[in-house]
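What follows is a set of notes on a single structure, which appears directly below.
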Amino acid sequence: MRTLEWDKNTNTIKMIDQRLLPGQFQVVSIDNYQSVAEAIKTMVVRGAPAIGAAGAFGMALAALHIKVKDKEAFLSELQQADTILRKSRPTAVNLSWALNRMMAKAKKVIGNTDEITQILIDEAQRIADEDVEINRKMALNGASLIEDGDTIIHHCNTGSLATVDWGTALGVIRMAHELGKHIHVLVDETRPRLQGSRLTAWELEQYHIPYEIISDGAAGFFLRTGQANKVFFGADRVAANGDVANKVGSYMLALAGYDNGIPVYSVFPSSTVDLSLQNGDEIPIEERNQDEVLGIQFNGEMVAPRQAMARNPAFDVTPGRLFSGLVTEKGIIYPPFHINLPEIIKRDSK
Ligand code: MRU
């Protein structure tokens, strides 16, 4: 199944519970937008494009449950759902992008509230379907950067699970593999929530792509000793100058790649680009609960002293100057990013 799907028989969203993988594969059914917001916050669903699609389906659920028939009152209740969903996670701009698109659609409909509701369900489905199509285009574009025999360091999870289906950076790797290129992946474990060890490794097993898990801090060693020759990761929000916010640890990985003359690429759909931001300093960075850091155990015991405090930024910003290229569905973008990125992103895709 896809990471998340609309079930039209029950008017619910079915989502793979990503907190339980790889140990258990469980699908949860969600029938109200408040629970969608909670699922995003607690990372039942995660990854920028997947969060965007979840938000869109959340708006469809909200519309289904609004009782009032007066259009103004209906739109005002829908706006409340938008506000709650928008607050669930701040960094990935795909969420506000999808919510803006849903709200704009609702306001544009000339018809009654039942018609608006149906149009919102259809629009959410369109967002989900487009995501898969866009990911495949990105995968094809990015696969041209991968050569037979490459060893690639990959950070976080950017595969099917981070999107509706297929993936961003991991989608590129998967496409190159399907095109017959022999690739080895070094999977950053991705502390503290271990999206690499848990989710990326699980996906790579299914695609039969050879991989090994490395601790995040080991990436520099592999890059400096010539044991890895490319770095790929995704993006949660990209500023107009090509600065990329992505899972914490991406910045250090990109620095190590750059310092060793190894190409570093970020892969993302245009819905991840926020042209309203001049640079990455303006990107809001989510800081999550310290328990995610402190909860790590060793020999069955908590690692840190009982009174320890922790900081837990979920993302960091990699300056555009560290990238060799940025891969999108509209093509691969090369420096100077402050000129080329806005130009290509604004280009009509048709
Ligand atoms: O906190 P997460 O797991 O939602 O973070 C996900 C990432 O940082 C991904 O790399 C990012 O969404 C881009 S790939 C779809």
What FRET efficiency do you get for Asp148 and Lys71 if R0 is 51 Å and r is their Cβ-Cβ distance, rounded to the nearest 0.05? 0.30
Estimated distance in nm for a label pair at Thr225 and Asn289, the labels positioned 7 Å out from Cα along Cα-to-Cβ: 3.8 nm
So for the pair Gln118, Gln297, with labels modelled 7 Å out along Cα→Cβ, what separation do we get in nm? 5.3 nm
Put +1 on the Cβ of every Lys and Arg and -1 on every Asp and Glu Cβ in region 111-208; which of Gly159, Ala128, Leu194 then has its Cα farthest towards the positive end of the dipole? Leu194
Report, as a whole number in µm² per second, the diffusion coefficient that Stokes-Einstein gives for region 33-120 at 25 °C and 0.890 mPa s using the Kirkwood radius over alpha carbon pairs. 193 µm²/s
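Return the ratio Rg/(2.2 N^0.38 Å) for the chain, where Rg is computed over Cα atoms only. Write out the running numbers ahead of the final one.
On the way: Rg = 20.1 Å, N = 350, 2.2 N^0.38 = 20.4 Å.
The reported ratio for this selection is 0.99.
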Heavy-atom accessible area of region 222-319 with neighbours in place, 1.4 angstrom probe: carbon+sulfur share in percent works out to 49 percent
Mind listing the Cα extents of region 45-92 along all three principal axes, in Å, largest one first? 36, 16, 10
For the pair Glu133/Asp31, report the inter-label distance in nm, with labels modelled 7 Å from Cα in the Cβ direction. 3.3 nm
Please give the peptides 17-30, 123-136 ranked by average Cβ packing (other Cβ atoms within 10 Å per residue), highest first, as a rough proxy for protection. 123-136, 17-30
If you find the alpha carbon centre of region 162-193 and of region 264-284, how far apart are they in angstrom? 20 Å
0 to 90° range, to nearest 10: angle between helix 169-178 axis and the chain longest Cα axis: 70 degrees
Distance in Å, no decimals, from the C-alpha centre of region 113-131 to the one of region 1-58 is 16 Å
How many percent of the accessible area of region 101-219 is carbon or sulfur, using a 1.4 Å probe? 52 percent
For region 2-150, whose charge dipole is built from +1 on Lys and Arg Cβ atoms and -1 on Asp and Glu Cβ atoms, the candidate among Ile146, Ile110, Ile16 with its Cα farthest towards the positive end is Ile110
Using the Karplus curve 6.51 cos²θ - 1.76 cosθ + 1.60 with θ = phi - 60°, work out ³J(HN,Hα) for each residue of region 10-22 in order, rounded to whole Hz, and write x for Gly and Pro. 10, 6, 10, 9, 9, 10, 6, 7, 6, 6, 9, 6, x
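Any idea of the accessible area per residue across region 14-99, 1.4 Å probe, to the nearest Å²?
With all protein chains present, region 14-99 gives 38 Å² per residue.
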Over the residues of region 132-195, compute the C-alpha Rg and express it relative to 2.2 N^0.38 Å. 1.08
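Taking the mean number of other Cβ atoms within 10 Å as a proxy for protection, how do you rank 139-145, 83-89 from highest to lowest?
In decreasing order of mean packing, 139-145, 83-89 become 139-145, 83-89.
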Which number do you get for Rg(Cα) / (2.2 N^0.38 Å) in region 231-327? 1.27
Over region 38-180: Kirkwood hydrodynamic radius from C-alpha pairwise inverse distances, Å: 16.3 Å
Heavy-atom SASA rank of His154, His65 (probe 1.4 Å, accessible area, largest first): His65, His154
Helix-only estimate, please: 222 nm mean residue ellipticity of the chain, summing -39500 (n - 2.57) across DSSP H runs of length 4 or more and dividing by its residues, to the nearest 500. -12500 deg cm²/dmol
Quotient of Cα radius of gyration and Kirkwood radius for region 1-67, i.e. Rg/Rh, equals 0.96
For region 20-78, which trypsin sites (Lys or Arg not before Pro) are both in a DSSP coil and crowded by at most 11 other Cβ atoms within 10 Å? Lys67, Lys69
Mean Cβ count within 10 Å, highest first, over the residues of peptides 48-60, 317-329: 48-60, 317-329
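The values are calculated or read from the model by the stated rules, or taken from the named source; none is laboratory data. Bear in mind that the values here come from a model prediction, so they are computed numbers and not experimental data. Note that each Cβ is placed from the backbone with ideal geometry, even for glycine, and that neighbours are counted across all protein chains shown. Surface areas here come from the heavy atoms of the whole protein model, side chains and all, with no ligands, DNA or RNA. Shrake-Rupley method; radii C 1.70, N 1.55, O 1.52, S 1.80 Å.
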